[in-house]
Amino acid sequence: MKTTQTPAPVPAGEPGAATGPSAAPAGPPAREKKEGTVLNVFSHGILVIWAIMVALPLVWAVMTSFKDDRSIFSSPWSLPDTLHFDNWSRAWTQANMSDYFLNTVLVVGGSLLGTLVLGSMAAYVLARFEFPGNRFIYYLFVGGMSFPIMLALVPLFYVVNNMGLLNTIHGLILVYIAYSLPFTVFFLTAFFRTLPTSVAEAAFVDGASHTRTFFQIMLPMAKPGLISVGIFNFLGQWNQYMLPTVLNTDPDKRVLTQGLVQLAVSQGYKGDWSGLFAGLVMAMLPVLAAYIVFQRQVVQGLTAGALK
């Protein structure tokens, strides 16, 4: 009888050891791990520096709004010894910031609503329907984004004046809508192209009209994009200074940006710096609050509009 003997295993590294695909794969080199760690530390360091550069002026402005004028110049970087809430009340009442705030809410609220409604309707048509001149109209809106507003101030003044809309709230609302439409259409057109067409086709099969399909189906689906572009438009319209300065010279209908400038220059050499910082924080808080509340939707809208 012939006996078969099993050969002894060959240690790794010895001649005859297994080197084929069955061998265990080697881990990532230590050099790549080290480079990845250095890159993460560097990127996080840049983000921390950027966050400090953005947050520090905001915190300093809020802190300064509770100081008196002497403390602002004697110890600008220290915390206020006493919280002077009278700065806020003085800016709200004596500097007429309450009237400017109300005018700004009316102008920005009306223009933001009109911009989102008209911009979403135009973007939906350009994104979903093919017709002669579709791309030409789209590029007209894109070209409007690059047109300097400074070149349009003089003709815009005469157009608004001839229409009887100079120094009126509704006239300023119409100008704000026209100013914000190019970016809104550009942003929402790309967003509507990412939405599925099957839902709209099912609505048409069920007998829904184009208007009902848009307002009841497509517009709710575009909520992240609407919030994102609404935040951007809100920020730009809230901080707008050039257009109201040219088209709104009535002191009773000034907006916040005009009111802050008036507050800064009205005192001459005797500036009310504490009241000015209080008014500045009043104008800044709505924008910060809107972004903090809708920051997740802003990110969702940007990423959804960028991916096809």
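Test of understanding: among L235, L285, which residue is free of Cβ contacts under 8 Å to residues at least 12 places away in the same chain and assigned to a helix (DSSP H, G or I)?
L285
Mind listing whichever residues of region 236-252 are of a type outside the set (V, I, T) and open to solvent by 80 Å² or more (accessible area, probe 1.4 Å)?
N239, Y241, D252
Sort through L263, L226 and tell me the only one that's more than 25 Å from the chain's Cα centre (by Cα) and surrounded by 20 or more Cβ atoms within 10 Å (Cβ to Cβ).
Unique residue meeting the criteria: L263.
Here are the criteria: (1) under 24 Å from L260 (Cβ atoms); (2) over 28 Å from the mean Cα position of the chain (by Cα); (3) open to solvent by 20 Å² or more (accessible area, probe 1.4 Å). Tell me which single one H210 does not satisfy.
H210 satisfies all of (1) under 24 Å from L260 (Cβ atoms); (2) over 28 Å from the mean Cα position of the chain (by Cα); (3) open to solvent by 20 Å² or more (accessible area, probe 1.4 Å) except (1).
Checking A278 against (1) open to solvent by less than 40 Å² (accessible area, probe 1.4 Å); (2) outside any helix (DSSP H, G or I); (3) over 30 Å from L126 (Cα atoms), only one condition comes out false. Which one?
(2)
Of (1) more than 25 Å from A222 (Cα to Cα); (2) surrounded by fewer than 18 Cβ atoms within 10 Å (Cβ to Cβ), F129 satisfies all except one. Which?
Going through the list (1) more than 25 Å from A222 (Cα to Cα); (2) surrounded by fewer than 18 Cβ atoms within 10 Å (Cβ to Cβ), F129 breaks only (1).
For region 68-85, what are the residues that are open to solvent by less than 80 Å² (accessible area, probe 1.4 Å) and either of a type in the set (D, E) or at pLDDT 90 or above (or both)?
Within region 68-85, D68, D69 meet the criteria.
Report whether or not A203 is farther than 19 Å from Q297 by Cα and either of a type in the set (D, E, K, R) or touching a Lys or Arg at 6+ places or on another chain (Cβ under 8 Å) (or both).
Spelling it out, A203 is indeed farther than 19 Å from Q297 by Cα and either of a type in the set (D, E, K, R) or touching a Lys or Arg at 6+ places or on another chain (Cβ under 8 Å) (or both).
The values are calculated or read from the model by the stated rules, or taken from the named source; none is laboratory data. On a predicted model such as this, the values are computed, not experimentally measured, just so you know. Virtual Cβ from ideal backbone geometry, glycine too; neighbours counted across all protein chains shown. With ligands, DNA and RNA removed, areas are computed over all heavy atoms of the protein, side chains included. Shrake-Rupley method; radii C 1.70, N 1.55, O 1.52, S 1.80 Å.
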